[in-house]
Amino acid sequence: MGMKRVVDMRAGLRGGSALFLSMAVMGSALAQEPVAEDGGAIVVTGSRIPRPDVESNSPVNVIGESEIKYSATVETEQLLNALPQAVSGAGAQSNAGNGSATVNLRNLGTVRTLVLQNGRRIVGASQDGVVDLNMIPTSLISRVEVVTGGASAVYGSDAMAGVVNFVTKDDFEGLEIGGSYGISDQGDAERYNIDLTVGGNFADGRGNMVFHGSYYNRSMVKGAARDHATVFLADAIVDGKPVLIPSGNGVTPQGTIFSPQLVGLKDPYGNTIGTAGIFFAPEGWRAYKASDGFNDPPYTNLQMPLRRWQGSVIGHYDVTDDVTAFWEGSYVHSKINSTLGAVPMSSSGFIPGFQLDLRNPYLDPTLRDFLSTNMDGDGNSLVPVNINRRLLDGGSRTSDQTRDFYRFVVGLKGNLTDRLKWEVFYNQGQTKVTDVQGGGVLIDNFANGFLTDPNDPTKCAAADPKCVVLNPFGLNSLTPEMMDYIYTDLTNITTIRQKQVGATLTGSLFTLPAGDVGISLGAEYRKESSAFDPDQLYIMGKALSRSAGLSRTAGSFDVAELYGELYVPILADMPGVELLAFEGGLPFSD
């Protein structure tokens, strides 16, 4: 959808650090100070070795602060989607999944793309460990470094596709207030935000502290609002050529009944009943036709609504001339809604041995006679047919997620010698997702509503005093009382925790005629844990919504890692040889 009338307003008072940041076009993946081209070393994300040049065996793309500012986006994934090496992952237009915004380098999968903030890991948003980019505020990003040459030798197996490192502002002085507003060319899909960044030096310039806060709101847009999303298209072969044709989902809000015993019989209009069974059309029951399929795209989200509150603090303090303490902290509270079409309920999948009670008072008398004649051989008024029904009467399936995220980092860094730098840090984060799923069906209640009391067919045979006999035969045939009996909400809770401690030593050992011999040594310990606690009705197999038959899962793993990198320039600036060097990395993980 096109966006127009985008306004981005920023007012600020900044010190010299703005010039410093704009010159640092290639930055540190390890929160080491990048410098300009005045002789200092530059650390690139593809390697942890400081290098006097910006070339690397792993290609590195950098999205700078000015590009971020002029993009006027407050959705972090949009900064990456324009890159040719990034396949659009989940985001504002992704209605499935868990509502996260993700990055997928080279289409190798989001679990193979490592996302870092200032060179350190971020706790995932789900049990697969994939990071939600919504947790990273765009207005606090100084630059984004993207490595797509594969970085598993440096960062481990989850960096096989590459690394995306978000470097945030850590030396900001002044006050910046920003806001933006956007709307589609259809007059909907509104997005707006306001953010505040304030920072300054203290202790005679030995320290700096940056505070940031923001609020973001994105409106819902459903498929019904766009012509291209109001038609259900299916693959087909016409005249030997693959084409898309209008179609529909076979589970309809009018309902169907089906059974192998119905196949080949004739409906009142002379149509042969196929495997899809009998359809409850406005004109009466008849054989199901392909054109009867349900068009569900208009009921799903084209743009997921999101409300997000963020707060961050970043700072450092020079304890001595050679030792600096640093810290980062962030908290994000967000609410996300995902909407799908109404739940498709099929007795064949969830109610073993289902039979339709011919005494149901809502059943068309002619259909009752038809089924009795052809299928009720024992005369007990129960026939072995199954029913499919999309419960549009109760509205869409929804997923209302409340997501709480926090992360903090503390550490020390300094100079061991004039050639070697060291750093130690501790990194901890947690994500808790509370997912309330609306539009669920109580399976037992659904089954109870189809068995009537032989003495009074308007009442249920079940002992449940709340039971209501169901009328699934036709569009909007289920009354509010019927829907109240079979509908429910379900709540799932997911908690992911991450702890990481690490130490690094980087720099150069000595100088050869072709340049400095670079080295990077490091050790890290990381523990990841997660727990998924689904609704008890899911666990018991008593309900169906966006999922069914879920189980509790919980576990953890920990990994101790050692790694080393070495860069040895052999020849440089010679006839026919610009640079000949050895570069290697070796990781060890337990």
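The residue list 349, 394, 341 contains one member that is touching a Gly at 6+ places or on another chain (Cβ under 7 Å) and modelled with pLDDT under 95, which is 394.
State which residue is modelled with the lowest pLDDT when the search covers only region 369-379 and only residues that are in contact with a Ser or Thr (Cβ under 9 Å, 6 or more places away or on another chain) and surrounded by fewer than 18 Cβ atoms within 10 Å (Cβ to Cβ).
Restricting attention to region 369-379, the residues satisfying the condition of being in contact with a Ser or Thr (Cβ under 9 Å, 6 or more places away or on another chain) are 372, 375, 379.
Keeping just the survivors that are surrounded by fewer than 18 Cβ atoms within 10 Å (Cβ to Cβ) gives 372, 379.
Details: 372: 95, 379: 88.
Among those that are in contact with a Ser or Thr (Cβ under 9 Å, 6 or more places away or on another chain) and surrounded by fewer than 18 Cβ atoms within 10 Å (Cβ to Cβ), it is 379.
Taking the stated definitions as given, is residue 269 more than 18 Å from residue 356 (Cβ to Cβ), open to solvent by 20 Å² or more (accessible area, probe 1.4 Å) and of a type in the set (Phe, Trp, Tyr)?
Working: more than 18 Å from residue 356 (Cβ to Cβ): yes; open to solvent by 20 Å² or more (accessible area, probe 1.4 Å): yes; of a type in the set (Phe, Trp, Tyr): yes.
Answer is yes for this residue.
Among the residues making up region 466-480, those that are under 36 Å from the mean Cα position of the chain (by Cα) and farther than 20 Å from residue 356 by Cβ are 476, 480.
Selection of region 499-527 for residues being open to solvent by less than 30 Å² (accessible area, probe 1.4 Å) and farther than 18 Å from residue 413 by Cα yields 514, 515, 517, 518, 526.
Among the residues of region 107-130, those identified as among the aliphatic types (A, V, I, L, M) and closer than 16 Å to residue 405 by Cβ are 115, 116, 122, 123, 125, 130.
Filtered by the rule that a residue be open to solvent by 30 Å² or more (accessible area, probe 1.4 Å) and over 33 Å from the mean Cα position of the chain (by Cα), region 413-444 gives 413, 415, 416, 417, 418, 419, 421, 422.
Do we have residue 281 as farther than 25 Å from residue 400 by Cα, under 27 Å from the mean Cα position of the chain (by Cα) and open to solvent by less than 50 Å² (accessible area, probe 1.4 Å) here?
Working: farther than 25 Å from residue 400 by Cα: yes; under 27 Å from the mean Cα position of the chain (by Cα): no; open to solvent by less than 50 Å² (accessible area, probe 1.4 Å): yes.
Spelling it out, it is not the case that residue 281 is farther than 25 Å from residue 400 by Cα, under 27 Å from the mean Cα position of the chain (by Cα) and open to solvent by less than 50 Å² (accessible area, probe 1.4 Å).
The set of residues in region 174-199 that are touching a Gly at 6+ places or on another chain (Cβ under 6 Å), surrounded by fewer than 18 Cβ atoms within 10 Å (Cβ to Cβ) and in contact (Cβ under 8 Å) with a residue 40 or more places away in the chain comprises 174, 185.
When region 380-412 is filtered for residues that are over 30 Å from residue 311 (Cα atoms), open to solvent by 30 Å² or more (accessible area, probe 1.4 Å) and out of contact with any Ser or Thr (no Cβ under 8 Å at 6 or more places or on another chain), the ones remaining, listed by number, are 380, 382, 392, 394. Scanning region 445-467 for residues that are open to solvent by 50 Å² or more (accessible area, probe 1.4 Å) and of a type in the set (S, T, N, Q) gives 455, 458.
The values are calculated or read from the model by the stated rules, or taken from the named source; none is laboratory data. Note that the structure is predicted; figures quoted are calculated from it, not measured. In this analysis, Cβ positions are derived from the backbone assuming ideal geometry, glycine residues included, and neighbour counts consider all displayed protein chains. Surface accessibility is based on the protein's heavy atoms, side chains included, excluding ligands, DNA and RNA. Shrake-Rupley method; radii C 1.70, N 1.55, O 1.52, S 1.80 Å.
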